[in-house]
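Bear in mind that the values in this text are calculations on the coordinates, not laboratory data. Worth saying up front: this structure is predicted, and the values here are computed from it rather than measured. Positions of Cβ are generated from backbone atoms using ideal geometry, with glycine treated the same way; all protein chains shown enter the neighbour counts.
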Amino acid sequence: MNDELPPRATAQDFVRPFVITGGRTRAVDSSLKMETMVQTVGKPRDDLGFESARIVDYCYEPISIAEIAAELGVPLGVAIVIVGDLVAGGCLETTNSDPVEIELDALTRMIERVRAL
Amino acid sequence: MSGPFEPAGAAGARSATAEAQPSSGQNTRSARKVTSVKLVVAGGFGVGKTTFVSAVSEIPPLTTEAAMTTESAGVDDASLVTGKVTTTVAMDFGRITVDDQLVMYLFGTPGQERFAFMWDDLCDGALGAVVLADTRRLDDSFVALDYFEARNLPFVVGVNHFIGSYHYPVPEVREALGVSPDIPVVDCDARNRESVKVALITLLQHVYDLRSAALNR
């Protein structure tokens, strides 16, 4: 159909981002968002793939999925899918925050914190 | 590798401080509940969103890319998306650790209006937003104002003054933007930390007031 050769691959696009996720663009857990906090739980595992192992290493302290994506240099959607797998596999736990549940006390703490910056 | 969580004070520079701490928490593998709060910094292209974020963030602003596919671009409005969308948009964000239970994230919206379709992901779950307005190009902020008004997301307007631009008084800017009287409008120099702090506190106070009013209703 198309006689033109595909553009020559560069180092950057050699591995397309969603190859890491096996082509999946949606996580098993649809509640995962960029600001979802993630933390490694359970025993260390040695059967994880490269990206998964890096995430598990990175999340011993609670951190957001957005930071995981930035650290790994992968798009947000890729990080969400891998984190979803790791949550399902019992390697990670997540905390989702609903802004409705942010109480006045938390808002006061935020205001005090920003004031002290 | 990582030490215990460092709350406020250590300015949280994660990579810098983490290794230096004794790792007393290493044996515990149960999750500690840390809640995150997402705030959005919006406004037209080049209005100073990333500068705003970096003025108060405890880490240098990070960039995350959202690879846009037709699937994630919104199911209701397929007309906006013809064929396969392969756009990648970059979002800058920063972090302010409040204490050992609470972390604030500030996300800058992708500047160009044509990326407004991905604001749903960005604003879903957000506590509130700061709309940065440039007095030379006020209409650039209309997209953000309309969006947050339609979504009922609490927001405040920060009027960013650029060198050489006429300093319009806040009431005039308010009128020009057509925001309702209950929306706070403040002057905001994104390069000045104190000024950014004022804008951020104004937003948090605004959310606080809305919440407490709702509780007393």
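Note on B:S165 and A:D29: their simple-model spin labels are 4.2 nm apart, each label 7 Å out from Cα toward Cβ. For the range A:39-117, the set of GluC sites (Glu not before Pro) satisfying both a DSSP loop assignment and a count of at most 15 other C-beta atoms within 10 Å is given as A:E103. A straight Cα-to-Cα reach below 18 Å connects B:K197 with the lysines B:K38, B:K49, residues fewer than 8 places away in its own chain not being considered. Only lysines eight or more places from A:K43 in sequence, or on another chain, were considered; those with a Cα closer than 24 Å are B:K33.
Sparsely packed loop sites in the range B:127-217 (the chymotrypsin sites (Phe, Trp or Tyr not before Pro) outside DSSP H, G, I, E and B with at most 11 other Cβ atoms within 10 Å) comprise B:Y166.
The trypsin sites (Lys or Arg not before Pro) of the range A:41-117 meeting both criteria, a DSSP state outside H, G, I, E and B (loop) and at most 15 other C-beta atoms within 10 angstrom of the site's C-beta, are A:R45. Exposure proxy shown here: for B:V37, B:V131, the number of other Cβ atoms within 10 Å sets the order, fewest to most, as B:V37, B:V131. Here the residues A:L32, B:L210, B:L177, B:L200, ranked from fewest to most Cβ neighbours within 10 Å of their Cβ, fall in the order B:L210, B:L177, A:L32, B:L200.
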